[in-house]
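Below is one structure, written out as structure tokens; the observations come after it.
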Amino acid sequence: MFDEIMGKFEGSPGQQAVVRLLLARGFSVNEEGRVVSGGIEIPDTGIAREAGVDRRVVDATTTAIREDEELRRIFANITSVPSLMDLAPVLDLTVLTVEVGDPDASGIVADITGLLADADLSLRQVLSDDPEFADEPKLYLITDEPLPGDLLVSIRELPYVRSVEF
């Protein structure tokens, strides 16, 4: 699906940069063609600055999104999810980052969260990058407690795990 979305902006790297930013941040495009997060409007100049383009490119991108039925449905329904990852050091939480070899394989989240449950560790949050939107998608697990070394070794030894960071 990501390739199809980006294909609609083929030939315009600036518009593709805007689309990537909207998807990465979970920003929607409302009926008026404004970039929003919930009910809060994000100025085109802020989007342009972050995407490294002129604000007119943002306007052209949102216009194209509004004029395409499929894109309009997608971008009208995007929402952002708050993440505890950046707050972890402040809240004394532990973030485990797992990179896998085949992110499309089934059972990855179940296997890893099962190992944490077996170690009697509760999860505050589980986030994963979408394999269609990220070049190297990762799984992020946030806990209240530090992870024991033997648990990290068990996770690292799973056949599809490429790396483990905490």
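Points to keep in mind about this one:
- In summary, residue 9 fulfils each of the numbered conditions (1) open to solvent by less than 20 Å² (accessible area, probe 1.4 Å); (2) touching a helix residue (DSSP H, G or I) at 6+ places or on another chain (Cβ under 9 Å); (3) free of Cβ contacts under 8 Å to residues at least 40 places away in the same chain; (4) not small (Gly, Ala, Ser) with the single exception of condition (3).
- Candidates are the residues of the range 55-69 that are of a type in the set (Asp, Glu) and touching a residue at least 12 places away in the same chain (Cβ under 8 Å); the one that is nearest to residue 21 (Cα to Cα) is 59.
- Pairs where the first residue, in the range 74-101, is under 23 Å from residue 143 (Cβ atoms) and the second is hydroxyl-bearing (Ser, Thr, Tyr) and in a loop (DSSP other than H, G, I, E, B), C-beta under 6 Å, 6+ apart: 100/160
- The range 123-162, subset modelled with pLDDT of 95 or more, assigned to a strand (DSSP E or B) and of a type in the set (S, T, N, Q), residue surrounded by the fewest Cβ atoms within 10 Å (Cβ to Cβ): 125
- Within the range 100-122, the set of residues being surrounded by fewer than 16 Cβ atoms within 10 Å (Cβ to Cβ) and under 30 Å from residue 4 (Cβ atoms) comprises 101, 102, 104, 105, 106, 107, 109, 110.
- Selection of the range 74-88 for residues being touching a helix residue (DSSP H, G or I) at 6+ places or on another chain (Cβ under 8 Å), assigned to a loop (DSSP other than H, G, I, E, B) and over 16 Å from residue 166 (Cβ atoms) yields 78, 80.
- Some residue of the range 23-36 being open to solvent by less than 30 Å² (accessible area, probe 1.4 Å), under 15 Å from residue 60 (Cα atoms), at pLDDT below 95 and within 18 Å of the chain's Cα centre (by Cα): no
Here is a yes/no grid of residues against (1) within 17 Å of residue 26 (Cβ to Cβ); (2) touching an Asp or Glu at 6+ places or on another chain (Cβ under 7 Å); (3) not in a helix (DSSP H, G or I):
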| site | (1), (2), (3) |
| --- | --- |
| 48 | no, yes, no |
| 53 | no, no, yes |
| 57 | no, no, no |
| 61 | yes, no, no |
| 64 | no, no, no |
| 72 | yes, no, no |
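- Which listed residue is under 16 Å from residue 147 (Cα atoms) and either out of contact with any Leu (no Cβ under 6 Å at 6 or more places or on another chain) or among the hydrophobic types (A, V, I, L, M, F, W, C) (or both), from 76, 110, 88: 88
- Residue in the range 37-73 that is surrounded by the fewest Cβ atoms within 10 Å (Cβ to Cβ), counting only those that are in contact with a helix residue (DSSP H, G or I) (Cβ under 7 Å, 6 or more places away or on another chain) and either modelled with pLDDT under 95 or of a type in the set (S, T, N, Q) (or both): 45
The values are calculated or read from the model by the stated rules, or taken from the named source; none is laboratory data. No experiment lies behind these values; they were computed from the predicted model shown. Methodologically, a virtual Cβ is constructed for each residue, glycine included, from the backbone with ideal geometry; neighbour enumeration extends over all protein chains shown. Surface areas here come from the heavy atoms of the whole protein model, side chains and all, with no ligands, DNA or RNA. Shrake-Rupley method; radii C 1.70, N 1.55, O 1.52, S 1.80 Å.
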